[in-house]
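**Student:** Mind having a look at this structure? Questions to follow.
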Amino acid sequence: MAKDIFKKCREYRDAQDARAQGFYPYFRCIDDSRGNHVLCQGEEKIMIGSNNYLGLAQDPRVIEAACDATRRFGAGCTGSRLLNGTITLHEQLEEALAQFLQREAVLLFSTGFFANQGAIIALTESEDAILCDRENHASIIEGCQAALGQLIPFRHNSALALRNRLKRLPEEAGKMIIMDGVFSMSGDIADLPGMLQVAKEYEAITYVDEAHSLGVLGPQGRGTVHHFGVNDEVEIVMGTFSKSLGSMGGFIAGSRELIEFLKHKARCLIFTAALAPAVVGGVLKALEIMQSEPERIDQLWTNTRKMHEGFKSIGFNIGSTQTPIVPILIGSEAKAFRFAQRLFEEGIFATPAVYPAVRYGEAIVRTSFMSTHTSQDLDLVLEIFAKLARELGTFDDPIYTEPGRRRNVFDFALSEQARTKTL
Ligand SMILES: Cc1ncc(COP(=O)(O)O)c(C=O)c1O
């Protein structure tokens, strides 16, 4: 008898169990959104679970530009960029981004996930090594797993660990180091200067995912490589439109020859439909606003500092975040789910992150802040977190009472599949 492929589906009960206990935190439906506030089943919630850092997703000028693009080009491109899907707006956005990021060329992808997958798979061959920070985003890990190159994870944000990995590789192997500029769960900023020094020693190329740093770090929000002044030393920059730029889609920026190659070899680009006109029109406008209204980024950082201080003064462990992503350490998965559920009941929208997004038993409630949160919003968020910590006994958890466990808690756990592919 043939193996029953659907057996695992029938046996999958995690989500159902969580629903039965009233703690299911995912796929929450939003009926209406103003960015910092959303409406869920008629109730208003303060949104601290999005990546809409500059509030541009709801900006009327962005929405109008998206409508204009739709009126001119239609609702969709109905085909791949390579064939019938390229419109002038795609080329304008590529040009605008290349100028903004001070790169020779840019290539748009339909999602950030595809940008990472497409570039990593197209670039690496079987004799190449891909050195990957353990906390890198799933799209990078998936790309590395699907690529012919060998995935070599290294300890989160450790140039020393990177050097130890590189030391063991044959001199002639191609080497590509990939890291998030800002890590999506911990909010850490990558130690780019340290990594680049090691990269040079071993003739490795570097690839930085700027998904959470675009619009957040560097002059005018140009990202981590500009924040550290190392734009010329990093060969590949990847970014998304799904966070500060308030929409969806992704891109790779680099040399003209890199982009020319990816345009013709990245299957995630060639075999999927181009970004819809509304998306590209909206992103073009959002990019323009981001540059002309730097006060948005200033306000984002004012809000971020307030929340770092606020959470720490309540007693929460927020790891080593330096950015608007603020992970609140809770401990067990059940506790994190309960905490998130109580937050929701109290009018706050935030979701828990559990293994394998974070280390097992060290679940967090992931919060992230926006320039459009008001002081009132933020004070209320802190008040409710403090109340729930008391109510749920958060600080009595061993994760808080055993001091040794308060360090290095956000080490990303690679899937078993990824582990087996390591050296
Ligand atoms: C670091 C990082 N890279 C890539 C992505 C994928 O981006 P997109 O949502 O545009 O597919 C994300 C999204 O969560 C991310 O956090």
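**Student:** Work out the charge dipole of the stretch 60-292 with +1 on the Cβ of Lys and Arg and -1 on the Cβ of Asp and Glu about the Cα centre, then indicate which of Val198, Leu89, Ala266 is farthest towards its positive end.
**Tutor:** Leu89
**Student:** Okay, helix-only estimate at 222 nm for the chain: each DSSP H run of n ≥ 4 adds -39500 (n - 2.57), divide by all residues, round to 500 deg cm²/dmol; what do you get?
**Tutor:** -12000 deg cm²/dmol
**Student:** Return the aspartates and glutamates within reach of Lys335: Cα separation strictly under 18 angstrom, same-chain partners fewer than 8 residues apart disregarded; answer none if there are no such residues.
**Tutor:** Excluding near neighbours in sequence, the set is Asp14, Asp17, Glu345, Glu346, Glu362, Glu391, Asp396, Asp397, Glu402.
**Student:** Using a 10 Å Cβ count of at most 15 others and DSSP loop calls, identify the longest part of the chain lacking such chymotrypsin sites (Phe, Trp or Tyr not before Pro).
**Tutor:** Maximal segment without exposed cleavage sites: 28-270.
**Student:** Something else about it: Show me, for the stretch 76-85, the HN-Hα J-couplings you get by feeding each phi into the Karplus relation (A = 6.51, B = -1.76, C = 1.60, θ = phi - 60°), rounded to Hz, glycine and proline as x.
**Tutor:** x, 8, 6, x, 6, 3, 4, 9, 9, x
**Student:** Counting only other residues whose beta carbon sits under 13 Å from that of Lys243, what net charge do I get with K and R as +1, D and E as -1?
**Tutor:** Overall, the nearby charge balance is -3.
**Student:** Among Ser158, Ser292, Ser332, which one moves the most in a GNM of the chain with springs linking Cα atoms closer than 10 Å?
**Tutor:** Ser292
**Student:** Further, regarding this structure: For a quick check: with amide H placed at 1.01 Å from N, whose amide H comes under 5 Å from Phe241's, ignoring anything fewer than 5 positions away on the same chain?
**Tutor:** Residues meeting the criterion, in which the H sits 1.01 Å from N, are Gly112, Gly249, Gly250.
**Student:** Here is a further query. For the stretch 68-83 and the stretch 100-146, what is the separation of their Cα centres, given in Å?
**Tutor:** Each part reduced to its Cα centre gives a spacing of 25 Å.
**Student:** Taking amide H positions as placed in the peptide plane 1.01 Å from N, state which residues far from Phe154 in sequence (5 or more) or on other chains have amide H under 5 Å from it.
**Tutor:** Cys132, Asp133, Arg134
**Student:** May I ask you to sort Met195, Met185 by Cβ crowding, counting other Cβ atoms within 10 Å and putting the fewest first?
**Tutor:** Met185, Met195
**Student:** Looking at this model, which pairs from Lys243/Lys285; Lys45/Lys243; Lys200/Lys265; Lys175/Lys200; Lys312/Lys387 are more than 18 angstrom apart at the alpha-carbon?
**Tutor:** In this structure, Lys45/Lys243; Lys200/Lys265 lie more than 18 Å apart at Cα.
**Student:** Roughly speaking, what is the centre-to-centre gap between the stretch 280-308 and the stretch 1-16 when only Cα atoms are used, to the nearest Å?
**Tutor:** If we compute the Cα centre of each part, the gap is 45 Å.
**Student:** Can you run phi through the Karplus equation (6.51, -1.76, 1.60; θ = phi - 60°) for the stretch 2-10 and list ³J(HN,Hα) in whole Hz, with x for Gly and Pro?
**Tutor:** 5, 4, 7, 5, 7, 4, 4, 5, 4
FYI, it's all coordinate maths here, none of it is from the lab. A quick note: this is a predicted structure, and the numbers were derived from the prediction, not measured. Note that we place each Cβ from the backbone using ideal geometry, even for glycine, and neighbour counts take in every protein chain shown.
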